[in-house]
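The values are calculated or read from the model by the stated rules, or taken from the named source; none is laboratory data. Computed from a predicted model, the values in this text were never measured in an experiment. Don't worry about glycine lacking a Cβ; one is built from the backbone with ideal geometry, like all the others, and counts go over all protein chains shown.
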Amino acid sequence: MKKTILLVVLGIGFIAGAASLACGQGATLQRNIVVDAGKIQDNVFIFGGSARVDGEVRQSVVALGGNVVISGTVNDSVVGIGADITIKSTAVIKNDVVAIGGTLTREPGSSVGKDTVYFDLGRLVPGFMKGGGKEFFSLSIIPLLIILKLVTVFIWLLMTLVAAGVFPKQVTLASSQIKSSFWPIFGTGLLGFVIFIGLVIISALLSLILIGIPILLSLAAAALCLRVFGQVVFYHFFGESLAKAFGRQNKPSVLGASLIGLFVVSLIGFIPVLGMLFSFVLSILAFGVSIRTKFGTTENWMAKKHAPVPAPPQA
């Protein structure tokens, strides 16, 4: 569990930002949470501590560490990272259950509407770290790069699980705009990226007199949120497009499509040169789709709003 938490810390920056956004949408964010029978809560987030849901959660339950017990209804997903999750026999979860590390116990009779995913890091990590890491330093440069790439993929997996699990509606809305507004999205992303680089340079110069340090930190947080949300949106777009291409009649869940897209993009990323170029273009597009859709809260806030045409006078 402790080693799992160390890996999860790499994704805490995004998770904290996602949680703060969700709290603005009526979520509960605290150490210990109890949703009693007959009570309704929008979202539930815990960082350590515990959560027990006997009533109803309108959207998702997300846990970073700690333990979660579900005996009521969750209308979206249950996502745990390094958490101990127990799904009681009376539980009804209408979307996915995803557990990375920790434990997952599901009692007979419980209802899960879509996928159940569990990664047992307790076995994977000790095997990788066996020998005190001596083998790691004896590797040649190519295996080292592969390992770094796999670590990057794992971090994106954590971020995708959180973004797609907590904000499925926003991810879906933003993804729906890609096909019809691809080039405007690319142009917006390129302009935003250039402005971001300029602001970073100015902030770096101001850092010499300490004023620029908080600005740099704010820019880094903003860029992280734009990049993560936008890239998960493209994961969903790629995954859903692949499902359609293979003739699948039923749409995959938001989380399922996003994980398919992550797998495809990760494979492309392993291709030398082309993978780096693809990742750079994808970063620009991620900036663009996040900005143009306000993180999936509107179709296109930059579009010109035309005044309504007055009705002709009646004779």
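Observations on the model:
- Region 58-78: number of residues that are surrounded by fewer than 19 Cβ atoms within 10 Å (Cβ to Cβ), in contact with a Gly (Cβ under 9 Å, 6 or more places away or on another chain) and either within 17 Å of I100 (Cβ to Cβ) or not charged (D, E, K, R) (or both): 1
- Verdict on R58 being assigned by TED's automatic domain parsing to the domain that holds Y118, at pLDDT below 85 and of a type in the set (D, E, K, R): no
- The C-beta contact set for region 73-86 (first residue in contact (Cβ under 8 Å) with a residue 40 or more places away in the chain, second residue among the basic types (K, R) and assigned to a loop (DSSP other than H, G, I, E, B), distance under 7 angstrom, 6+ apart or interchain) comprises D76/K94.
- If you go through region 214-235 and keep only what is without any contact (Cβ under 8 Å) to a residue 60 or more places away in the chain and over 18 Å from L191 (Cα atoms), you end up with P214, I215, L216, L217, S218, F234.
- When the strands (runs of 3 or more DSSP E) confined to region 41-99 are screened for residues that are under 21 Å from P168 (Cα atoms), those reaching at least 3 such residues are found at 43-47, 61-64, 78-81.
- Subset of region 264-297 that is over 13 Å from G230 (Cα atoms) and in contact (Cβ under 8 Å) with a residue 24 or more places away in the chain - its residue that is farthest from the chain's Cα centre (by Cα): F270
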